[in-house]
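Below is one structure, written out as structure tokens; comments come after it.
Read-outs: derived from the displayed coordinates by stated rules, not from any lab. A quick note: this is a predicted structure, and the numbers were derived from the prediction, not measured. Using ideal geometry, Cβ is built from the backbone for each residue, glycine included, and neighbour counts are taken over all protein chains shown.
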Amino acid sequence: MNAPDTGAGAGHAADAGMGRDPPGQTRLRQLAEEQAALRRVATLVAGGARPAEVFTAVADELGHLIGAEATFVSRVDQLSGERGEIEGYATVVGSYGRVNDLAPVGFRRKLQPGMAMTAALRTGGPARISGDMLASGPFGEVVRGLGLRAAMATPIVVEGRFWGVTVAATAREDFPVGTESRMADFMELAAMAIANARSEEQLRKLADTQAALRRLAMLVAQGEPPEAVFAGRDQGGSPAFR
């Protein structure tokens, strides 16, 4: 499910399918697809998947749902700047589709005016950008290199705060009308899976820390010299003591 996909024809196939269905049936089909996608993500979380797997799965499912050629889930380290401007950094933690060395997982970029993700964080809702504005914007080199022509972004809200932002992009002139609402609805529910995955990771780190503390306590109780205690700390395998 998480393998890179060129996305060729994905959006066109989605449009064709929408054209054949009456409006009511189209929305019912979309809802069924969204629920199935959310179940797959929830199954990953319930199975103890690492956060990186969950983030990539969310990007993967979203890309297929809305016919995007590329999707990115990014964590945001955000600070509010002067005059209501958004300042901070976005780091890609999961991706799908036309992804190469221009925007790999771990790619970090400062938030700037003219970015769809910056607009989404500023307004708290979906934002879209296309054409020359996208090609000449802060991500111009990336989108041109990936052959993308339009992008949308929506915030990811976890526990009442902006945790990150999702960006979807297409090689077509633009996304169909209403796609941003569907994207926002899916991400609102997917945020629950992201929150659970984050909690699982925090619990793992806590367990590692406690295990390391128990090992140190045993060394002290056994009367080991300070040199052995510090060696145990350094070799205990817990990131908290490295």
Placed amide H near I86: partners under 5 Å, 5+ positions off or other chain: G81
Give the long-range amide H neighbours of W163: residues separated by 5 or more places, or on another chain, with amide H under 5 Å away, using H modelled in the peptide plane at 1.01 Å from N. I156, V157, V158
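Taking 22 Å as R0, compute the FRET efficiency from the Cβ-Cβ separation of R109 and A52 and round it to 0.05. Mind dumping the intermediate values first?
On the way: r = 19 Å, r/R0 = 0.85.
It comes out at approximately 0.70.
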Can you compute the modelled spin-label distance between A195 and R39, with each label point 7 Å from Cα toward Cβ, in nm? 2.3
How large is ³J(HN,Hα), in whole Hz, for each residue of region 169-179 in order, when computed from phi with the Karplus curve 6.51 cos²θ - 1.76 cosθ + 1.60 and θ = phi - 60°, using x for Gly and Pro? 9, 9, 8, 6, 4, 6, 7, x, 4, x, 5
